[in-house]
Amino acid sequence: MPSRRLPTLAEAVEILARRRTRPAQRAAPPAGRSLTPLLKALDERFGQGPGALQVRWPEIVGADLARRTEPVKLSSPRGGTPGVLEIRVAGPSATLIQHRSAEILERVNLFLGAGSAGRLRVVQGPLRLRPVQAPAQLAGRRRPPPLDAAVEAELAREAETARTDRLRRALVSLGRSVHRNPPGSP
């Protein structure tokens, strides 16, 4: 094989000026940068996160604690560590909430998924004014329509023979539920 001589410095500059070199390849962007908008859209669409906590807070912690607290922020976990749930507490209830923090975190993790919240940050301050709904109202149940006046009169007439007022009220209530939901109806 014949040996080839290396170009001089002037020849190398001339070769490089004539030929365009290929640019260096850039590193791929981090996967998290591409996934963040998708994850945020999914979070907004399916409501898992602080928004879901706001809506279902009375169901998660119970009506008593929901009257005294409200979720403010759920920090996202970083590096595999659980997040921090920040809740606002009305007045002197902070001590009570601090003592029940393990129970609250357990319930929140049951709702959002294991490891969603590992710590509870309690902040004292005024709560937003919002009515605490009963679980039946949250489920979308409505009060049944009243019965016909003739049916009510018949129920009252038949229950007159009851010995006590308590028994009479119970018989009327039972009669109303039977008339609203006849046997064989779904």
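The values are calculated or read from the model by the stated rules, or taken from the named source; none is laboratory data. Quick caveat, the model's predicted, so the values are computed rather than measured. A quick note on method: Cβ atoms are made from the backbone with ideal geometry, for glycine too, and the neighbour counts reach across all protein chains shown.
Here is the figure for region 136-159: residues that are assigned to a helix (DSSP H, G or I), at pLDDT below 90 and surrounded by fewer than 10 Cβ atoms within 10 Å (Cβ to Cβ) total 2.
Among the listed residues 39, 6, identify the single one that is more than 30 Å from residue 126 (Cα to Cα), out of contact with any strand residue (DSSP E or B) (no Cβ under 9 Å at 6 or more places or on another chain) and modelled with pLDDT under 85. Even if it seems obvious, please write down each step before you answer.
Working: 6 fails: modelled with pLDDT under 85.
Just a single option satisfies the conditions, and that option is 39.
Candidates 93, 76: the one that is among the hydroxyl-bearing types (Ser, Thr, Tyr), assigned to a helix (DSSP H, G or I), under 19 Å from residue 54 (Cβ atoms) and modelled with pLDDT under 85 is 93.
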